[in-house]
Amino acid sequence: MTHTDTALARWAVAPLLVAAPESAALLRAYLTDVADRWYELHHGRRSTAEEIERHLREMPSDDLAPPDGAFLVARHDGEPAGCVGLRRLDARTAELRRMFLHPAKRRRGGASLLLAAAEHQARTWGVHRIVLDTRLDLVEARTLYEHHGFTEIPPYSHAPHSEIWYGKPLAT
């Protein structure tokens with residue numbers, strides 16, 4: 001077993017109800033991470049607790065539940081370390097949402113495992129393509145997506161913070 005194999009063996013990815021307490025904690029951490037980056041870029045400060053609560057209300061994740069959604073949790077040494085959501089947009093397309101790894105767990109292979117698990121879930125639905133939107137300042141996320149075969153596509157949504165859109169065909 002190589003060092004990389006040993007490091008990846010410490011990870012596990014599995015579905016979890018989006019309403020579960022661990023899921024809620026990961027979604028709060030995701031939103032805090034991306035909101036802090038946005039507020040620092042545009043206002044020179046981090047987000048406030050009130051802003052995070054407001055954003056959680058404005059951006060619910062209940063569409064990441066079966067039958068047309070999925071919420072996957074990555075665990076590192078058994079502890080929740082990250083998440084990704086997927087929702088079916090139509091019979092041929094799924095959308096990747098809420099991709100997150102705790103900063104201390106990044107660059108250890110967990111993001112690649114989350115993406116692979118999301119692609120596997122999309123294939124079980126019979127979709128042929130995954131799309132996503134993100135912000136230009138989230139350079140690490142964009143690099144990750146591009147590394148995994150996502151390419152820039154025309155806008156398919158009009159979310160307030162969407163600045164760039166990606167798509168990836170899935171092999172059947």
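Can you tell me which of (1) buried (at least 17 other Cβ atoms within 10 Å of the Cβ); (2) under 15 Å from residue 38 (Cα atoms) is the one residue 161 doesn't meet?
(1)
Exposed (fewer than 15 other Cβ atoms within 10 Å of the Cβ) and free of Cβ contacts under 8 Å to residues at least 60 places away in the same chain - does that describe any residue in the stretch 96-104? It would help to see each step written out before you state the result.
We begin by selecting, within the stretch 96-104, every residue exposed (fewer than 15 other Cβ atoms within 10 Å of the Cβ); these are 103-104.
Next, only the ones that are free of Cβ contacts under 8 Å to residues at least 60 places away in the same chain stay: 104.
For the stretch 96-104, residues exposed (fewer than 15 other Cβ atoms within 10 Å of the Cβ) and free of Cβ contacts under 8 Å to residues at least 60 places away in the same chain: present.
Take residue 129 and decide whether it is more than 23 Å from residue 37 (Cβ to Cβ), open to solvent by 20 Å² or more (accessible area, probe 1.4 Å), touching a helix residue (DSSP H, G or I) at 6+ places or on another chain (Cβ under 6 Å) and modelled with pLDDT of 95 or more.
Spelling it out, it is not the case that residue 129 is more than 23 Å from residue 37 (Cβ to Cβ), open to solvent by 20 Å² or more (accessible area, probe 1.4 Å), touching a helix residue (DSSP H, G or I) at 6+ places or on another chain (Cβ under 6 Å) and modelled with pLDDT of 95 or more.
How many residues does the stretch 53-92 hold that are open to solvent by less than 80 Å² (accessible area, probe 1.4 Å), within 27 Å of residue 107 (Cβ to Cβ), out of contact with any Pro (no Cβ under 9 Å at 6 or more places or on another chain) and outside any loop (DSSP other than H, G, I, E, B)?
The total comes to 11.
Restricting the first residue to the stretch 8-27 and requiring it to be hydroxyl-bearing (Ser, Thr, Tyr), which pairs with a second residue that is loosely packed, with under 15 Cβ neighbours inside 10 Å meet a Cβ separation below 7 Å and a spacing of at least six or different chains?
Here the result reads 23/17, each pair linking the stretch 8-27 to a residue that is loosely packed, with under 15 Cβ neighbours inside 10 Å.
The values are calculated or read from the model by the stated rules, or taken from the named source; none is laboratory data. Not measured: the values here are computed from a predicted model. Reconstructed Cβ throughout: ideal geometry from the backbone, glycine too, with neighbour counts over all protein chains shown. Note: areas computed on protein heavy atoms with side chains; ligands, DNA, RNA excluded. Shrake-Rupley method; radii C 1.70, N 1.55, O 1.52, S 1.80 Å.
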